[in-house]
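Comments concern the structure below.
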Amino acid sequence: MSDKFKTVVTTQGLEFLNQAIANEKDLLITKAVASSTAYNSDSLVDLTDTNYNNASHDQETMLNKIEPRGDGSLAFEILFDGYDVRYDYTLNTVFLIAEVDGKERLFAVIKANQPQYINAYEGGSRTNLQINFALQLANQNVAIKINAAALATLGDLDSLKEEFVERIDGVRNTLDNKLQESKSELENKLLQAKSTLQVGISNTEAKIKSYSDNKDKALNDKFDQLILDHVKRLNERIATNNTGFLLADRNLRNDFEKRLGDEKRFREDAVNELAIQLNNLVSNVQTLDRNIQQSFYNKRRAPATWTLDRTTTPWTIRFDNGCSIQFPEYANTATIYGYGYGNISNLPPDKFSAFPLVFNIIRCAQGVITLDDFTKKDGDFDYWSPTTKVLNPLQDASKYDWTNAFGNEGTNSRSYKRKPNFARVMYELGIWSDSDVESLGAVRR
């Protein structure tokens, strides 16, 4: 960016360097101040604290990086975060401020050869400006340093990312272990229940067989006795030549046939009843199996972390609770899904962001972003398209009319009337409950 900016150490700044050398101290650059005040290139070296104090101070930041080069120069990096901009301004000059004897003094000036327009941050997109420059030191006996807080913040970003990923992996492993333990426990209970019911079924089958065998023997014995009684009576009639009892014999035979039929029907009814009981036992086993499996899935909760799957079209964000989400209107738009978005530290930690969208989801799940925040917010929902799709949702969004689920009336218009789509997704992911979304204006169908 050397063609866009010119860096000059002022005469005053050179005096501070010589003073630091004489005192064998380091020179600390504390901050960079962006200004819309413009100067001629020839006058930069003569600028002093008075010029700095009389100039506009539109934005401040700390230097992010300092690195020595092989040629003896020092390379610096400045980042003006667009999130900090409260009004539009044109950047013409950057003042580098050093700490001298406990006071802030002008050390160097960076002139924008091509003035940079910086727009105010209003909750949507923002303009970040990064400036890289180098200083050649004639005397190597003095070291120039920058604010350690800035170095720690950005210099340790990679390690913080690694720690964040490690913590996510730890949470994921813990959840996986818990789910596996729960699943194993339920499977053991299911096996025990099945075993108990199988024993019951076997006992019932044995009882049916025993009952059937006993009834067969009892019926056969009864049948034989009836036959013997009937033969005995016939012999008596024949011996006495008493034909007058033939009618009684016929009645005896009819009574015998009726009693025999009653016994057969009784046995058939008993067998049918036991068969029904057996079928009920089998049905109970199947119902218990389904309930136990369902109870496992009912243990799912709101998401705590996610992974990005770019093998699908559209891309898929997969959460640790089994749900997934896709944004078909932005099938593979990296910023929407957060792919390659390394500037996480620049996102407001407790507010909505226009993108990436997944950070808003997790912050709501953590309770960092509240229902009240959503109710009052009137922007940053531009990318929550009605085509946004939750896969394997925890709750059924179709039972609600989401038209007016935007909290306060009038806050829906700023984001193309897409605010209710966010409420619907929070409900499907199990983050917001029935009472939550109803308080926002969702109406049960």
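In a DSSP loop and with at most 14 other Cβ atoms within 10 Å, the trypsin sites (Lys or Arg not before Pro) in the stretch 364-442 are K417. Based on C-alpha pairs under 8 angstrom that are at least 6 apart in sequence, the stretch 17-108 has a relative contact order of 38 percent.
Close amide H pairs (under 5 Å, H built 1.01 Å from N) link Q59 with A34, residues at least 5 positions away or on another chain. Sequence-ordered 3J(HN,Hα) estimates for the stretch 49-62 from the Karplus curve with 6.51, -1.76 and 1.60 and θ = phi - 60° stand at 4, 5, 4, 4, 5, 7, 7, 6, 10, 8, 6, 10, 7, 9 Hz, glycine and proline given as x. Remark: the stretch 1-104 carries 50 Å² of accessible area per residue (probe radius 1.4 Å; ligands, DNA and RNA excluded). 3J(HN,Hα) couplings calculated from phi for the stretch 421-435 with the Karplus curve 6.51 cos²θ - 1.76 cosθ + 1.60 (θ = phi - 60°) are, in sequence order, 5, 5, 4, 4, 5, 4, 6, 5, 7, x, 7, 10, 8, 4, 5 Hz; Gly and Pro show x. Which residues does the label zone of V45 cover in the stretch 3-27, counting backbone N under 15 Å from a point 7 Å along Cα→Cβ? The answer is 7-15.
Accessible area per residue for the stretch 357-439, computed on protein heavy atoms with a 1.4 Å probe, is 43 Å².
Rounded to whole Å, give me the distance from the Cα center of the stretch 354-384 to that of the stretch 398-416. About 14 Å separates the Cα centre of the stretch 354-384 from the one of the stretch 398-416.
Applying the criteria of a DSSP loop state and at most 13 other Cβ atoms within 10 Å to the GluC sites (Glu not before Pro) of the stretch 407-445 yields E409.
The values are calculated or read from the model by the stated rules, or taken from the named source; none is laboratory data. All values derive from a computational prediction rather than experimental measurement. Every residue, glycine among them, receives a Cβ derived from its backbone with ideal geometry; neighbour counts consider all protein chains shown. Calculation scope for accessible area: heavy atoms of the full protein, side chains included, ligands and nucleic acids excluded. Shrake-Rupley method; radii C 1.70, N 1.55, O 1.52, S 1.80 Å.
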